[in-house]
Amino acid sequence: MKIKSTYCAGSFYPAEEKEIIDLFNSFSNGIEANYNSRMIIVPHAGYVYSGALAYKGFCYLDKNVKNIYIIAPAHYQRIYGCAICDYDEFETPLGNIKVNQQANLDFAKFCECSIINNAFEKEHSIEVQLPFIKYLLPDTQIIPILYGCENFKNLVNTIKTLYENNENAFIISSDLSHFYPEKDATKIDYYSAQMIENKNIQNFEVEQACGAVGICAAVEFAKETNQTFIRLGLTNSAHTTGDSSKVVGYGCWFLYEGEKNQYIKKHYSKFLIKTAKSSIQSGLQLGSYPLENIPCVLKENGASFVTLQINQNLRGCIGSIIAHRPLIDDIYKNSHSAAFNDPRFLPLSLEEFQDVKINISLLNSPQRIDFKNENELLEKITPYKDGVIIKDGNHQAVFLPIVWEQLPQKRQFLDALKNKAGMPANYNSKTMEAFIFQTTYIQE
């Protein structure tokens with residue numbers, strides 16, 4: 001039996017079993033994983049720097065899986081394509097982990113692979129993940145994969161095939177930016193996070209992450225399968241060392257089999273309604289309500305509309321079409337504006353506040369519609385599903401999908417939208433633009 005011995009124990013993570021377990025117990029404090037995912041993006045630095053964040057990601061990993069593919073960059077040996085190993089087990093201070101040799105060989109059928117044991121000898125990007133696996137998923141087997149000069153599109157097709165088996169899960173091992181001043185690193189890593197969460201990796205550069213190939217493959221897979229990466233945290237080494245001159249960035253995400261806004265609605269509707277209500281209460285001078293314990297996913301950029309109703313009648317509605325600030329901030333500020341700055345109404349009074357109902361619409365990214373004439377535009381709009389934006393020069397207006405309940409006919413809907421934009425119903429212009437979007441509706 002061929003066993004890969006530990007190399008990083010005692011440096012990247014503790015070498016003694018008790019020390020690791022004590023550390024993991026400290027990491028677990030306050031984590032309430034509310035989803036079972038089969039793919040996570042986690043850092044691979046020393047535990048003192050990124051261990052707590054990585055542990056959080058592993059808590060979201062589906063405990064029912066039997067095989068875990070660890071897809072990681074090679075730091076110490078130049079590799080063309082991918083490398084696998086023929087070890088039977090990998091040693092950890094918590095006990096050995098078996099390598100699924102059959103799955104190992106099957107992976108090599110999809111990607112250009114070679115057995116290069118030497119590449120794994122010192123490789124921390126694989127090894128630091130193993131104690132987490134042994135502790136939280138003790139009966140799983142691993143398929144460790146290193147890549148070097150590899151086209152991420154090759155990995156996409158491989159992941160897509162292997163993901164069809166519900167017994168398979170994937171760890172994408174990667175740190176973020178390296179050795180920039182903390183101020184610059186924070187901007188770079190936030191930019192990288194937005195690219196991951198928006199599933200837009202067109203301009204993702206290798207300097208943004210040491211595991212850029214693996215990240216790009218995972219994000220492209222998510223895009224092609226209509227899934228979403230949900231952020232669990234961003235941090236950097238300065239938070240541990242105090243040295244902000246040259247830092248390494250770390251991020252953690254789990255893959256959600258659906259749209260982000262649906263996940264937010266399912267798990268954080270009450271939190272968002274409370275946020276909106278707190279914003280209005282602050283405007284009524286009922287006290288200051290600082291936002292605390294904000295879930296990380298709500299710190300991602302998002303666009304929202306906040307609608308106020310009294311006895312089912314509109315009492316204010318303000319929102320954002322484009323995601324340009326953290327969703328939690330967008331909802332807080334739009335709630336205040338809907339209550340006090342909607343030009344169609346007087347500011348909300350304290351007496352009215354007792355009866356107001358708050359509804360929140362979470363918007364996805366608007367998609368441009370190409371059309372030659374108005375009839376073609378109408379054909380491309382789906383009633384009750386699509387919100388619509390029209391713009392031409394200084395004229396612009398938006399209707400949320402809920403407006404279809406009052407204006408169920410397409411022509412009626414579009415004419416009213418033109419009127420809102422300051423255009424006559426017979427307005428016809430070759431320069432008019434149109435966009436559609438969908439919303440996720442949260443009701444008090």
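All of the numbers you see were taken from the coordinates with simple rules; none came from a lab. Please read these numbers as outputs of a predicted model, since none were measured by experiment. Cβ placement follows ideal geometry from the backbone for every residue including glycine, while neighbour counts extend to all protein chains displayed.
What the table shows:
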| quantity | calculated |
| --- | --- |
| Additional length obtainable on full extension of the chain from Asn166 to Ser282, 0.36 nm per residue less Cα span | 37.0 nm |
| Which listed pairs, of Lys199/Lys372; Lys357/Lys385; Lys18/Lys98; Lys66/Lys134; Lys63/Lys122, have C-alpha distances above 19 Å, in listed order | Lys199/Lys372; Lys357/Lys385; Lys18/Lys98; Lys63/Lys122 |
| 17 Å cut-off, amide nitrogen to a point 7 angstrom out along Asn96 Cα→Cβ, residues in the range 133-169 | 134-135, 138-144 |
| Most positive-pole-ward Cα, Gln312, Leu362, Pro401, against dipole of the chain from beta carbon charges | Gln312 |
| Charge dipole magnitude, Cβ of K and R +1, D and E -1 - the chain, Cα centre, debye nearest 20 | 1160 |
| Cα-based Rg of the range 262-363 normalised by 2.2 N^0.38 Å, two decimals | 1.01 |
| Positive-end residue, the chain charge dipole about Cα centroid, Cβ charges, pick of Leu378, Ile20, His178 | Leu378 |
| Whole-number Å³ per residue for the convex hull built on Cα positions in the chain | 167 |
| Selection from Leu53, Val42, Ile201 lying farthest towards where the dipole of the chain points positive, charges on Cβ | Ile201 |
| Per-residue [θ]222 nm for the chain (sum of -39500 (n - 2.57) over DSSP H runs n ≥ 4, rounded to 500) | -10000 deg cm²/dmol |
| With Cα atoms, 0 to 90° folded angle of helix 410-420 axis to the chain main axis | 80 |
| Peptide ranges 409-415, 299-305 listed from the most packed, as the mean C-beta count within 10 angstrom indicates | 299-305, 409-415 |
| Charge dipole (debye, nearest 20) of the range 195-323; +1 at Cβ of Lys and Arg, -1 at Cβ of Asp and Glu | 660 |
| Size of electric dipole in the range 367-443: Cβ of Lys, Arg +1 and of Asp, Glu -1, about Cα centre, debye, nearest 20 | 60 |
| Translational D in µm²/s for the range 1-154 (Stokes-Einstein at 37 °C, 0.692 mPa s, Kirkwood Rh from C-alpha pairs) | 207 |
| The range 366-424 and the range 88-136: distance between their alpha carbon centers, rounded to Å | 54 |
| Trypsin sites (Lys or Arg not before Pro) within the range 1-59, DSSP loop, no more than 12 other Cβ atoms inside 10 Å | Lys2 |
| Principal axis box of the range 367-443, alpha-carbon based, largest edge first, Å | 37, 22, 22 |
| Kirkwood-based Rg to Rh ratio, the range 3-258, C-alpha trace | 0.93 |
| Cα gyration tensor category, rounded, prolate or oblate, for the range 1-46 with a/c compared to 1.5 | oblate |
